[in-house]
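Computed from the coordinates by the stated procedures, all read-outs in this text should not be read as laboratory data. This structure is a prediction, so every number in the text was calculated from the model and none was measured. Reconstructed Cβ throughout: ideal geometry from the backbone, glycine too, with neighbour counts over all protein chains shown.
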Amino acid sequence: MLRRFFKSSIISLSRAAWAQRMVSDWGVARQAASRFIAGERLDQAVAAIEHLNERGIAATLDHLGENTTHGEAAREAAKEVVRALEAIDRAGLRANVSIKLSQLGLLLDESLCRENLEMILRRAGELGNFIRIDMEDSSLTGKTLQIWEWAHSPGGLGFDSVGIVIQAYLYRSHEDICRILESGGRVRLCKGAYDEPESVAFPQKKDVDANFDRLATLLLEGALKAGSPQISTDGRVPPIAAVATHDELRIRHAQEEIRRLDLPKGAMEFQMLYGIRRDMQEQLAGQGYPVRVYVPYGTHWYPYFMRRLAERPANAWFFLSNLIRK
Ligand code: FDA
């Protein structure tokens, strides 16, 4: 109960413009955020990915930003994704790119958002790279899935190189995964980072965890049906199934299911966030599992940082105590 209240309060602060202005200007906040963010510039993110790649870990690069309110900013965000794809290519990195549709203008004008996405997918296709569409709050789930389907299906743009994220806390996710698997889509499964009402999402963590395990199994069964793990050797195109979590029990469940279904280790990718559980990232990579780290960069770090605080009360407490001491 207290945990839920804490999460709701921090997530609502993550959306408040006044709080964003105040926190973004604090040096101590920027310093705290730097644990989770590779830097404000693209070259800093490239350096962070080089370091991960040296340790056998792939990356997904994310230019921070969401809920864009001006058409020009949405177009500029799309151009930055193209610059990121080109930087990955120039540096020969084992990395793909994650994007948010609200950053590309989904809340402003859906056709502008589709236009931006199409431009990104064309460039990613030319460079042999892959784009993952992050999942935002539940007000955008249906729209995000529709746009992914349009981008992926042969009746739409027909790009195989575009994947989607599914959140285990939503009741609808089982059905969504079944549909995505039928069309050969690639899924990143996460628990879900937003504050959702009980009408759409499991309120209890134990139910989210149980659903996560069920959905991870569903994804692996999908991978089994699809045959080969379909992973690219350059570390850019991920397999059909990916789990994004730092929860050891969820990771153990996925590993057990890989063994039970007699799948190769490459059938599932293990994804984690930059700055969280580096020990586990290296351990899994050392055991021969594909590991990918989400590497965010940019100046719009505030909402992303607040979601990281909301996930773990200890983070927020550490941040606040530093703030009080300054
Ligand atoms: P859980 O919250 O139960 O944490 C398990 C353990 O992990 C904790 O005990 C702690 O050790 C560690 N941990 C977790 N969060 C931490 C933090 N912030 N700081 C320090 N330690 C922490 N969500 C979403 O809604 N849409 C999306 O598109 C994505 N995309 C995405 C990509 C990738 C690669 C990852 C790893 C995660 C996401 N998420 C996301 C976020 C996800 O939904 C979820 O909020 C976080 O991963 C935290 O949940 P865990 O699964 O780690 O479990």
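Odds and ends about this structure:
- Highest-fluctuation residue, V295, V208, V200 considered, GNM on the chain with Cα pairs under 10 Å: V200
- Most fluctuating residue given options W26, W150, W301, as computed from a GNM of the chain linking Cα atoms under 10 Å: W26
- Alpha-carbon centroid distance for the pair the range 274-326 / the range 121-174, whole angstrom: 24 Å
- Note on the chain: semi-axes of the ellipsoid equivalent to its C-alpha gyration tensor, largest first and rounded to whole Å, are 27, 23, 21.
- Under the shape rule built on the C-alpha gyration tensor, where the axes satisfy a ≥ b ≥ c, the range 90-243 is oblate, since a/c reaches at least 1.5 while a/b does not exceed b/c.
- Rounded to the nearest 20, the Cβ-based charge dipole of the chain about its Cα centre (Lys and Arg +1, Asp and Glu -1) stands at 900 debye.
- Whether the range 1-139 is rounded, prolate or oblate, judged on the alpha carbon gyration tensor where a/c under 1.5 counts as rounded: oblate
- When the Gaussian network model of the chain links Cα atoms closer than 10 Å, the mean-square fluctuations of Q204, Q281, Q255 top out at Q204.
- At R0 = 22 Å, FRET efficiency that the Cβ-Cβ distance of A73 and Q146 yields, to 0.05: 0.45
- With helices as the sole contributors, the chain gives -16500 deg cm²/dmol at 222 nm; each DSSP H run of n ≥ 4 counts as -39500 (n - 2.57), and the sum is divided by every residue.
- Förster-model FRET efficiency, 35 Å R0, L261 and D25, C-beta, rounded to 0.05: 0.10
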